[in-house]
Amino acid sequence: MDQPNVLVTGATGFVGRRLVPALVERGLRPRAMTRRPEAYDGPGDPVGADVGDPDTLTAALAGIDVAVYLVHSLDQADFEERDAEAARSFGRAAAEAGVRQIVYLGGLGTDDEELSPHLRSRREVERLLGEAGVPVTVLRAAIIVGHGGISWELTRQLVKNLPAMVVPKWTTTRTQPIALDDVVRYLSGVIGDERTLGEVYEVGGPETMTYLDMLQIAADVASGRSVPIVRVPVLTPRLSSYWLALVTDVDVTTGRNLIDSMGTEVVVTDHRIRDLLPGEVLSYREAVQRALGERLAEGDDI
């Protein structure tokens, strides 16, 4: 597909609002899907639609070659059911519209282990998007580090608000964070590339680290100090979510859904994306610096 017509769902979200400008730079004119097109002030062509309302999808998908799926319901208690139904409806509408590729940003984690509800839902969405026959290209990532991301905001606010941290066992789980800039580069790179149809790629930064490592590095970049850590062997996901809600502005439901996944090791085991789309990826420290720099540029403190 030389110059595909692209629809980006969640165009005003954390990843979508960065991807749309990247596609414009690539020479495309993406269609930016949002529930409030009248308020959209970004590049591309705004279109009003909601993945939760199948009747709105027909017009949004008309004439589209590639649809990028970047929506989820993580802030809802019944997010698994909501996301499954939305993915099934979107895949069906895409097939009826003649879409040739769906690109989906999912979550890392091996299929041979017991996944959390969050990661299990991501896997189910992968399958349901392609159920009606449109080839799906999946990028699976762990924590994406960038200004405005929920997981990054948890990290930033924890190291900002607490002089010392009482941390549960899950902070010693290994993960492989990736910079938002690299996620956008990979997403843009697979859009319209017929070699990627039906493929699943794992994406991550250059380092494997624990959540504790991430907190310490973020504290060092933000303030030049380390944060004293007190480990608590038993702190359930429910209690952890209340703790996060107390010291950050992330709501209890979202916090708990994220924490449920943090006991699962999420590291890259398949590096094919590096051959397909070569290029240096940012370190975690560089990703943190960029996230904080963007926050400062918008007039907020770190």
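The values are calculated or read from the model by the stated rules, or taken from the named source; none is laboratory data. Values in this document were obtained by computation on a predicted structure and should not be read as measured data. Reconstructed Cβ throughout: ideal geometry from the backbone, glycine too, with neighbour counts over all protein chains shown.
Some points to look at:
- Close contacts from the range 220-238, counting a first residue that is charged (D, E, K, R) and a second that is at pLDDT 75 or above and assigned to a loop (DSSP other than H, G, I, E, B), with Cβ to Cβ under 8 Å and a gap of 6+ residues or different chains, come to Asp220/Ser226.
- In the range 16-46, the residue that is farthest from Gly146 (Cα to Cα) out of those that are among the basic types (Lys, Arg) and in a helix (DSSP H, G or I) is Arg17.
- All told, Ile143 meets the bar of being in contact with a Ser or Thr (Cβ under 6 Å, 6 or more places away or on another chain) and in contact (Cβ under 8 Å) with a residue 12 or more places away in the chain.
Let's see how each residue does on (1) modelled with pLDDT of 85 or more; (2) surrounded by fewer than 23 Cβ atoms within 10 Å (Cβ to Cβ); (3) in a loop (DSSP other than H, G, I, E, B):
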| position | (1), (2), (3) |
| --- | --- |
| Arg88 | yes, yes, no |
| Ile102 | yes, no, no |
| Glu114 | no, yes, yes |
| Arg127 | yes, yes, no |
| Pro163 | no, yes, yes |
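- Within the range 1-15, tally of residues that are under 14 Å from Tyr40 (Cα atoms) and part of a loop (DSSP other than H, G, I, E, B): 5
- Residue, modelled with the highest pLDDT, within the range 238-281, restricted to residues that are hydroxyl-bearing (Ser, Thr, Tyr) and part of a loop (DSSP other than H, G, I, E, B): Thr269
- The listed residues are Arg31, Arg82, and the only one of them that is modelled with pLDDT of 95 or more, out of contact with any Lys or Arg (no Cβ under 7 Å at 6 or more places or on another chain) and basic (Lys, Arg) turns out to be Arg31.
- Per-region count, the range 1-28, residues modelled with pLDDT under 95 and among the β-branched types (Val, Ile, Thr): 1
- Against the list (1) in a loop (DSSP other than H, G, I, E, B); (2) surrounded by fewer than 20 Cβ atoms within 10 Å (Cβ to Cβ); (3) not aromatic (Phe, Trp, Tyr), the condition Gly205 fails is (2).
- One residue stands out among those in the range 172-202 that are within 15 Å of the chain's Cα centre (by Cα) and among the small types (Gly, Ala, Ser): the one that is surrounded by the most Cβ atoms within 10 Å (Cβ to Cβ), which is Ala179.
- Residue, farthest from the chain's Cα centre (by Cα), within the range 208-229, restricted to residues that are assigned to a loop (DSSP other than H, G, I, E, B) and surrounded by 15 or more Cβ atoms within 10 Å (Cβ to Cβ): Val227
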